[in-house]
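What follows is a set of notes on a single structure, which appears directly below.
The values are calculated or read from the model by the stated rules, or taken from the named source; none is laboratory data. Bear in mind that the values here come from a model prediction, so they are computed numbers and not experimental data. Positions of Cβ are generated from backbone atoms using ideal geometry, with glycine treated the same way; all protein chains shown enter the neighbour counts.
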Amino acid sequence: MQRVIDRLAIVLSAICVVHCLAVPIVLLAMPGVLAGDDHGDLTHMIIFAIALPLSTLGMWYGYQTHHKARYALCALFGILGLAAGLTLHGMIYEVYVTIFASLILALAHLGNRNATRLTRTAG
């Protein structure tokens with residue numbers, strides 16, 4: 001179960017990065033596409049609402065196996081960064097903060113998954 005959660009969290013982080021990079025490019029290429037539609041804030045809230053419990057469960061299950069808090073701490077920084085990105089909606093720093101936070105969160109889940117796998121094979 002924990003491996004599936006970590007994989008889903010990594011995929012969600014990748015989707016977040018793609019979203020953050022693609023939307024500005026689409027807006028530059030076709031400025032009228034999203035005219036009058038403020039979907040970005042809702043999209044970020046939905047991604048955050050999925051990421052928070054998914055990351056919490058993944059880190060909890062992983063910690064129960066490997067007992068290394070560093071991955072959960074790293075994930076916490078990633079989640080806090082995503083929350084900060086929500087508060088920066090519409091500002092230039094929003095994309096940078098959100099992408100950085102998504103990468104931190106993905107790396108935390110990757111480390112969590114690998115530590116769990118190593119602990120299970122060693123034990």
Legend entry - Positions within region 73-112 being of a type in the set (Gly, Ala, Ser) and surrounded by fewer than 18 Cβ atoms within 10 Å (Cβ to Cβ), in sequence order: Ala83, Ala84, Gly90
Legend entry - Out of Ile50, Ile99, sole residue that is more than 14 Å from Val17 (Cα to Cα) and part of a helix (DSSP H, G or I): Ile50
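Matching residues to (1) on the phi < 0 side of the Ramachandran plot; (2) of a type in the set (Val, Ile, Thr):
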| position | (1), (2) |
| --- | --- |
| Gln64 | yes, no |
| Lys68 | yes, no |
| Cys74 | yes, no |
| Gly81 | yes, no |
| Gly90 | no, no |
| Ala101 | yes, no |
| Ile104 | yes, yes |
| Thr116 | yes, yes |
Legend entry - Counted residues, region 77-93 - those being in a helix (DSSP H, G or I) and touching a residue at least 12 places away in the same chain (Cβ under 8 Å): 10
Legend entry - Residue within region 105-123 that is part of a helix (DSSP H, G or I), β-branched (Val, Ile, Thr) and closer than 15 Å to Ser13 by Cα present: no
Inset, instruction - Tell me, please, whether a residue that is of a type in the set (Val, Ile, Thr) and either buried (at least 16 other Cβ atoms within 10 Å of the Cβ) or at pLDDT 85 or above (or both) can be found in region 24-45. - result: no
Inset, instruction - Sort through Ala115, Ala69 and tell me the only one that's over 16 Å from the mean Cα position of the chain (by Cα), surrounded by fewer than 17 Cβ atoms within 10 Å (Cβ to Cβ) and small (Gly, Ala, Ser). - result: Ala69
Legend entry - Test set (1) free of Cβ contacts under 8 Å to residues at least 12 places away in the same chain; (2) hydroxyl-bearing (Ser, Thr, Tyr); (3) under 22 Å from Val4 (Cβ atoms) - Tyr96 fails condition number: (3)
